[in-house]
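Chemist: Quick one: structure below, then a few questions.
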């Protein structure tokens, strides 16, 4: 075996670079400032009142946060996946509810339309989301079809130049405020998983109605409600991709969107760390700030270390999202790691807060409720593990 | 953010993988059982440039970067963790500090043979009464003309049974505590230098771990590394880099165990189907893959920080803390997937399981890493 030939210019030849670009740093700064100045002040009140901040949606649009990955020719910001995730992370740090509002609009409404839509559909729909500051939704889940999305029963029947949709969707984020929904329905009852198709449904289409909003454990200032289609007529031109591609489009969309939830979890995790450090420095027990107690220090070390791991994996998954065959598996790894670590970190941060952490007066109490859903929606941890196992077992 | 190995790094990875499969694997089980130090392996690794991966060519090294170093340690440890730590100590704990703190003469005369693998190095910091509390060491060095006279004992010294050169930490002024510690580069054939036989250990059993004894050992002042009193700072800075090596070792051990678990799960049948079709096993493998990927990223990130940041203490501590815990969990699950067979010496997983345990302990226990990280987040961010 021959010796390795030495490298002449080692730094230049290394392609490992963990730094963010200047544009990414700038965007992160901008969104961070916006989140601290505009989202943080009213978050506790909105949470208490279960109130969606419709007044903030236009500001999100003005910042270009509602069509971030949409190409500029369709009114979007045309940024890469990592840049988009930095925005979701920073928004979620101050308001997980706004985090999911933005993530859903970008990841599961804009993204599948930009990826699978016809030119005409893209020109008709995307600018209103990306440039005019509207939010969107994704109507896949049904009362009887959660993780088993392929078993959904909403029907779409062709009628001349239209499709007619009938059925009930559940747990639809942004329902009631979204201008467009990407909805998946069964176009061929005999074709099983291949009998599903995806449609872009305008919120004002005849036959669309929004049910009573859910009373949720957390994310109370985001909108979640059932969406009902009753003889809902959608133009044939609103079919996304081909007939029968619905499940494929839905799964590709979820592959992509789970990174948004990973970023949301990272944002919450970051906030849990900040709150824990601050509280540990301020709170005095046994005559010293509790930050001097080793048990508290070890909690802080664990929160900070798991945060570094979640963030690295999420950013890495984003950096290969468009190029690697492993992108889907890595996105699932990022989501399961980041969401479960964030749940643990919030618990640890709350533990450091002691009795005060159990009070609604402290932000950590809300985060404890908000973080819970990250291991559930857009694919439970268990579904992620199945995706990962399939990936590694080949 | 771009995480993709360069062509040179991929070539290095392939070369080291082949070397590990062809040269290291055949003896891995045997040296684990016998405890025999694989000096021949070190010599061959040296010929490949693996004894001083990140040392510039002019000082006998391979002139590669810190990421490349991680790849080397991971690939060797994937087959044999004992061999991994032998290289890690020589690279991180001996070559690195001489490169960073040595005089030009020391780099030419002492570093070059170590980095080229002609000589083997060891790191003499730990003592019977000074483990995590390294500053409590009791070995003394007294100035006497142009020499220092060193007396004391070191324990748990990896490579100690076969090392040609020892980096020794001793106090030149006990009253100054950690500020009185000074580092020396000592040849093993110096009169007054002796070492014991190898410790029988739970894992990494052939890494030549032993005690060193210094009795009236005269070391010329030209062999002092850095200034008097600079030793503790040198030791801590060196361990920052060493932790990246151990993190890479942990990743390699886990990768080895993970690959065996995957292949076992595919061939072993129970209840009429391969284990790989059983959901509990799938979930184990999913968690193993996820934690492995995260640990490897944190390790590379620490190596990247070492190259481009002034301080990388936090990144190195996090990488080691996370990777060590990951390696324990991954090797435990790999053994569990193997069931009863995994508990026998016939399969490699039991060795990986035993070898993983030390990554939580040496070059700073996980508790020390947590103290480092906590200090950082409470006081420095």
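The values are calculated or read from the model by the stated rules, or taken from the named source; none is laboratory data. Just so we're clear, the structure is a prediction, and the values are computed from it rather than from any experiment. Methodologically, a virtual Cβ is constructed for each residue, glycine included, from the backbone with ideal geometry; neighbour enumeration extends over all protein chains shown.
Chemist: Could you list all residues from region A:315-336 that are more than 10 Å from chain B (Cβ to nearest Cβ) and in a helix (DSSP H, G or I)?
Modeler: Passing the criteria: A:327, A:328, A:331.
Chemist: Which numbered condition trips up residue B:19, out of (1) at the interface with chain A (Cβ under 9 Å from one of its Cβ atoms); (2) in contact (Cβ under 8 Å) with a residue 24 or more places away in the chain; (3) in a loop (DSSP other than H, G, I, E, B)?
Modeler: (3)
Chemist: Listed residues B:322, B:353; which is crowded, with 21+ Cβ neighbours inside 10 Å, touching a residue at least 12 places away in the same chain (Cβ under 8 Å) and within 14 Å of chain A (Cβ to nearest Cβ)?
Modeler: The conditions single out B:322.
Chemist: Considering only region B:356-378, state which residues are more than 9 Å from every other protein chain (Cβ to nearest Cβ), free of Cβ contacts under 8 Å to residues at least 60 places away in the same chain and not in a loop (DSSP other than H, G, I, E, B).
Modeler: The answer is B:360, B:366.
Chemist: May I pose another question? Count, please, the residues in region B:273-313 that happen to be more than 9 Å from chain A (Cβ to nearest Cβ), free of Cβ contacts under 8 Å to residues at least 60 places away in the same chain and within 18 Å of residue B:376 (Cβ to Cβ).
Modeler: Qualifying residue count for the region: 4.
Chemist: Hey, among A:131, A:156, A:114, which residue is surrounded by 24 or more Cβ atoms within 10 Å (Cβ to Cβ) and touching a residue at least 40 places away in the same chain (Cβ under 8 Å)?
Modeler: Matching residue, one of A:131, A:156, A:114: A:156.
Chemist: A follow-up question, please. If residue A:263 satisfies every condition in (1) surrounded by 22 or more Cβ atoms within 10 Å (Cβ to Cβ); (2) in contact with a strand residue (DSSP E or B) (Cβ under 7 Å, 6 or more places away or on another chain); (3) over 19 Å from residue A:141 (Cα atoms) but one, which is the exception?
Modeler: Checking residue A:263 against (1) surrounded by 22 or more Cβ atoms within 10 Å (Cβ to Cβ); (2) in contact with a strand residue (DSSP E or B) (Cβ under 7 Å, 6 or more places away or on another chain); (3) over 19 Å from residue A:141 (Cα atoms), the one that fails is (2).
Chemist: Kindly evaluate residue B:221 against the criterion of being surrounded by fewer than 18 Cβ atoms within 10 Å (Cβ to Cβ) and out of contact with any strand residue (DSSP E or B) (no Cβ under 6 Å at 6 or more places or on another chain).
Modeler: yes
Chemist: Could I ask something else about it? Within region B:57-67, take every residue that is in a loop (DSSP other than H, G, I, E, B) and facing chain A (nearest Cβ under 9 Å) and give me the one that is surrounded by the fewest Cβ atoms within 10 Å (Cβ to Cβ).
Modeler: So, considering only residues that are in a loop (DSSP other than H, G, I, E, B) and facing chain A (nearest Cβ under 9 Å), the one surrounded by the fewest Cβ atoms within 10 Å (Cβ to Cβ) is B:63.
Chemist: Does region B:323-338 contain at least one residue that is in a helix (DSSP H, G or I), in contact with a strand residue (DSSP E or B) (Cβ under 7 Å, 6 or more places away or on another chain) and either at pLDDT 95 or above or assigned by TED's automatic domain parsing to the domain that holds residue B:64 (or both)?
Modeler: Looking through region B:323-338, none of the residues is in a helix (DSSP H, G or I), in contact with a strand residue (DSSP E or B) (Cβ under 7 Å, 6 or more places away or on another chain) and either at pLDDT 95 or above or assigned by TED's automatic domain parsing to the domain that holds residue B:64 (or both).
Chemist: Checking residue A:51 against (1) surrounded by fewer than 21 Cβ atoms within 10 Å (Cβ to Cβ); (2) part of a helix (DSSP H, G or I), which test does it fail?
Modeler: Going through (1) surrounded by fewer than 21 Cβ atoms within 10 Å (Cβ to Cβ); (2) part of a helix (DSSP H, G or I) one by one, residue A:51 breaks only (2).
Chemist: If I go through region A:374-394 residue by residue, how many of them are within 14 Å of chain B (Cβ to nearest Cβ) and not in a helix (DSSP H, G or I)?
Modeler: Number of matching residues: 3.
Chemist: Separate question: Would a scan of region A:337-351 turn up a residue that is under 24 Å from residue B:4 (Cα atoms), at the interface with chain B (Cβ under 10 Å from one of its Cβ atoms) and free of Cβ contacts under 8 Å to residues at least 24 places away in the same chain?
Modeler: Within region A:337-351, not a single residue is under 24 Å from residue B:4 (Cα atoms), at the interface with chain B (Cβ under 10 Å from one of its Cβ atoms) and free of Cβ contacts under 8 Å to residues at least 24 places away in the same chain.
Chemist: Report whether or not residue B:343 is more than 9 Å from chain A (Cβ to nearest Cβ), touching a helix residue (DSSP H, G or I) at 6+ places or on another chain (Cβ under 8 Å) and surrounded by 20 or more Cβ atoms within 10 Å (Cβ to Cβ).
Modeler: Spelling it out, it is not the case that residue B:343 is more than 9 Å from chain A (Cβ to nearest Cβ), touching a helix residue (DSSP H, G or I) at 6+ places or on another chain (Cβ under 8 Å) and surrounded by 20 or more Cβ atoms within 10 Å (Cβ to Cβ).
Chemist: Is it the case that some residue within region B:136-145 is buried (at least 16 other Cβ atoms within 10 Å of the Cβ) and not in a strand (DSSP E or B)?
Modeler: Checking region B:136-145: at least one residue is buried (at least 16 other Cβ atoms within 10 Å of the Cβ) and not in a strand (DSSP E or B).
Chemist: Restricting to region B:23-42, and then to whatever is surrounded by fewer than 15 Cβ atoms within 10 Å (Cβ to Cβ) and more than 21 Å from residue B:350 (Cα to Cα), can you tell me which residue is farthest from the other protein chains (Cβ to nearest Cβ)?
Modeler: B:39
Chemist: Further question on the same structure: Scanning for something buried (at least 19 other Cβ atoms within 10 Å of the Cβ), at pLDDT 95 or above and within 12 Å of chain B (Cβ to nearest Cβ), does region A:355-373 turn up at least one residue?
Modeler: no
Chemist: Could you check residue B:8 against (1) under 30 Å from residue B:354 (Cβ atoms); (2) crowded, with 19+ Cβ neighbours inside 10 Å and say which number it fails?
Modeler: (1)
Chemist: So if I check each of A:230, A:242, A:302, which one is surrounded by fewer than 23 Cβ atoms within 10 Å (Cβ to Cβ), at the interface with chain B (Cβ under 9 Å from one of its Cβ atoms) and over 17 Å from the mean Cα position of the chain (by Cα)?
Modeler: A:302 is the lone residue from the list that is surrounded by fewer than 23 Cβ atoms within 10 Å (Cβ to Cβ), at the interface with chain B (Cβ under 9 Å from one of its Cβ atoms) and over 17 Å from the mean Cα position of the chain (by Cα).
Chemist: Here is a further query. Condition test on residue B:77, is it more than 9 Å from chain A (Cβ to nearest Cβ), over 25 Å from residue B:305 (Cβ atoms), buried (at least 24 other Cβ atoms within 10 Å of the Cβ) and out of contact with any strand residue (DSSP E or B) (no Cβ under 6 Å at 6 or more places or on another chain)?
Modeler: Spelling it out, it is not the case that residue B:77 is more than 9 Å from chain A (Cβ to nearest Cβ), over 25 Å from residue B:305 (Cβ atoms), buried (at least 24 other Cβ atoms within 10 Å of the Cβ) and out of contact with any strand residue (DSSP E or B) (no Cβ under 6 Å at 6 or more places or on another chain).
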